[in-house]
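Written out below as structure tokens is the structure these notes cover.
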Amino acid sequence: MWQLNMAVCIAVGFGAFAWALKRTMDAEKKKRG
Amino acid sequence: MAEIKQGGDQFASRWGLIATVLGMAVGTGNIWRFPREVASNNGGAFILICFLALFIWAVPLICAESVFGKKTRMANAGAFKVLLGDNWTWVGAWCAMVCVMLGCYYVVVLGWVMKYLSLIFTGFLTQVQAGGTELTSEVWKNFATTPPAVEAWMWFVAAVLIAAAIISRGVQGGIEKANKIMIPSVFILLAILLVRVLMLPGAWKGLEYMYHVELVDFARPNVWLAAFTQAAWSSGAGWGMFHVYFVYAAKDEDIMLNAFTATFGDMVAAMLAGMVVLPAVFALAPDPMAVMKSGANGLTFVNLTNLFAHTTGGFLMAVLFFIALFSAALSSVIAMVELGCRNLMDMGFSRPKATVFVTAFFLIVGSWSALDNGIFENQDMVWGVALLMVGLFYSIAAVKFGVEKLWKEDIEPCSDMHVKWMWTIIKFFPIEFALVWGWWVYQSMTWYPGEWFKFWPLQKYAYTPGSMVVEWTILAVILFILNGAMAKNLVHANKLD
């Protein structure tokens, strides 16, 4: 059970952060043309 | 890279802004407070509720702060004046002063970290190996908790001067450059420590404790309270510091995506710290739960030093850990000093003059907390709880100005993240505030039966609602009297054009 919760927390926390950084990088690339 | 516009300070790039707001958010709240809260709230359920709090409390409030700063190009006091009228100036100033008052004792912690870093480099771990674990408690007691703590005060003064030196160099020269180095370093150092700690026998027990879920914990109000408080403390939502950094943001800066990045970046740092500290304690301490319950200052400065002293590679681990803590705390202190400076600059102060003024204020007010741990504890409670009130004021201001209007005019047009509910939920913050603060007041009255309204001496009544209300009111009365003068002088926005 704790392994499942660890996987969920890491996926949500690290995943959301990574997604936001990727989205920011894409937006910056688009802005620079 | 955005160009600097003539006449105003501005971040050179979006990454500079992101590093800076992350630097503001990632601090001792992540590296020290989060592991302790996880430990005292029985692990997994607490973390899951923290995630919920990020979505329904932290992100909306950070959006509100950011939009106020970007829209008005003025710090807290000026923005409240511009958006809501002259009579609201003192409310914005009160929000700013809460953060400044908090910064005055937060710098004391930075001084403690600097002291321990110096101890590590001067062979303290070897002395602990020879002299036993009591030595670390003795050193801590003599250094920080026995008034007058003169040595702690000297380290506090050094910490204030370092932060002031960085701030005086301005946004691009000082704040942005420092955070671009410090923040990635914190994440890298924590990742290195994580790998090292998980190689220790028994370390996985710490991970098991951290992530195990007991369903009964979801029915415990104190776990919810602790999780929401942690989310506020750690992410910086309601501190007013995001507000100030967005005064320097580019016109097309993305408010919601940046708020989301900062909030979850902060949570990642907290989880990394938790996965370092808890496994380390479980692997090396004979009675891990007793260590966890020993108190905030104790875990980091006493017990972790003991743990580092008695493990192979402990010197390196200690150096990395305290450098990470130093970087995180310094970048948060920088944000607090900058908040004070920006509010004064809106009233016509030059940056050097504002820096000198705020530095002097930090030195005078913070000295009480540095010299006397009882005062430190009182200030921690009074201004820590005031953060909830600041959040409430921002929420009321957003509702009064128009939640829908702010979304349409300022948030949505330049956002790559269109999740409207995560903004509009700010309308419900007064309900969240009433539940959290009301519960706290009720609890704190039971801590001092018959004496909850007393406030003097502060050391004796450190946690009474009386001392909280008296200190909040004194600040409010002073700012209310100064309202007219402040409103008249708050005309120097950070114009980018």
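With a ≥ b ≥ c taken as the square roots of the eigenvalues of the C-alpha gyration tensor of the range B:341-497, please select rounded if a/c is under 1.5 and otherwise prolate if a/b is larger than b/c or oblate if it is not? Oblate, since a/c reaches 1.5 and b/c is not below a/b. Work from the charge dipole of the range B:24-489 (Cβ charges, +1 for Lys and Arg, -1 for Asp and Glu, about the Cα centre) and give the residue of B:ILE364, B:VAL195, B:GLY132 farthest towards its positive end. Checking the options against the dipole of the range B:24-489, the answer is B:ILE364. Dipole orientation for chain B: of the candidates B:LEU54, B:VAL91, B:SER332, B:VAL91 has the Cα lying most toward the positive pole (charges on Cβ; Lys, Arg +1; Asp, Glu -1). A simple charge model with +1 on the Cβ of Lys and Arg, -1 on the Cβ of Asp and Glu and nothing else charged puts the dipole of chain B at about 640 debye relative to its Cα centre. Partner shielding of B:265-277 amounts to 3, given as the average count of beta-carbon atoms from other chains within 10 Å of each residue beta-carbon. Straight-line cross-link reach from A:LYS22 at under 20 Å between alpha-carbon atoms covers these aspartates and glutamates, not counting any fewer than eight positions away in the same chain: B:ASP252, B:GLU253, B:ASP254, B:ASP266, B:GLU412, B:ASP416.
Shielding by partners for peptide B:42-53, expressed as the average number of C-beta atoms from other protein chains within 10 Å of each residue's C-beta, is 2.
With an a/c value under 1.5 for the gyration tensor axes a ≥ b ≥ c computed over the alpha-carbon atoms, chain B is described as rounded. Each peptide in B:221-229, B:38-46, B:236-244 receives the mean, over its residues, of other Cβ atoms within 10 Å, and ordering these scores from highest gives B:236-244, B:38-46, B:221-229.
Would you work out which of B:LEU475, B:HIS492, B:ALA79 lies farthest towards the positive end of the dipole of chain B? Charges go on Cβ: Lys and Arg +1, Asp and Glu -1. Looking along the dipole axis, the top candidate is B:HIS492.
Spin-label pair B:PHE121-B:LYS408: with each label point 7 Å from Cα along the Cα-Cβ axis, the two points sit 5.8 nm from one another. Legend: residue pairs A:LYS29/B:LYS177; B:LYS180/B:LYS488; B:LYS115/B:LYS454, Cα-Cα distance threshold 30 Å; pairs beyond threshold, B:LYS180/B:LYS488; B:LYS115/B:LYS454.
Per residue of B:418-427, how many C-beta atoms from partner chains lie within 10 Å of its own C-beta, taken as a mean?
Going residue by residue through B:418-427 and averaging, the value is 0.
Pull out a ≥ b ≥ c, the square roots of the eigenvalues of the alpha-carbon gyration tensor of the protein assembly as shown, then state rounded if a/c is under 1.5, prolate if not and a/b is larger than b/c, and oblate in the remaining case. Rounded shape, in that the Cα axes give a/c under 1.5.
Using only alpha carbon pairs under 8 Å that are at least six residues apart, calculate the relative contact order of chain B and give it in whole percent.
After rounding, I find 33 percent.
Dipole size of the range B:210-321 about its Cα centre, with +1 on Lys/Arg Cβ and -1 on Asp/Glu Cβ: approximately 260 debye, rounded to the nearest 20.
Taking a straight Cα-Cα cut-off under 23 Å and skipping sequence neighbours fewer than 8 places away in the same chain, the lysines within cross-link reach of B:LYS408 are A:LYS30, A:LYS31, B:LYS70, B:LYS71, B:LYS81, B:LYS251, B:LYS400, B:LYS420, B:LYS427, B:LYS495.
Taking the Cα centre of the range B:176-260 as origin and assigning +1 to Lys and Arg Cβ atoms and -1 to Asp and Glu Cβ atoms, the resulting dipole is close to 280 debye.
Bear in mind these aren't lab numbers, they're just calculated from the coordinates by the rules spelled out. From a predicted model like this one, the values you see are computed outputs, not experimental measurements. Don't worry about glycine lacking a Cβ; one is built from the backbone with ideal geometry, like all the others, and counts go over all protein chains shown.
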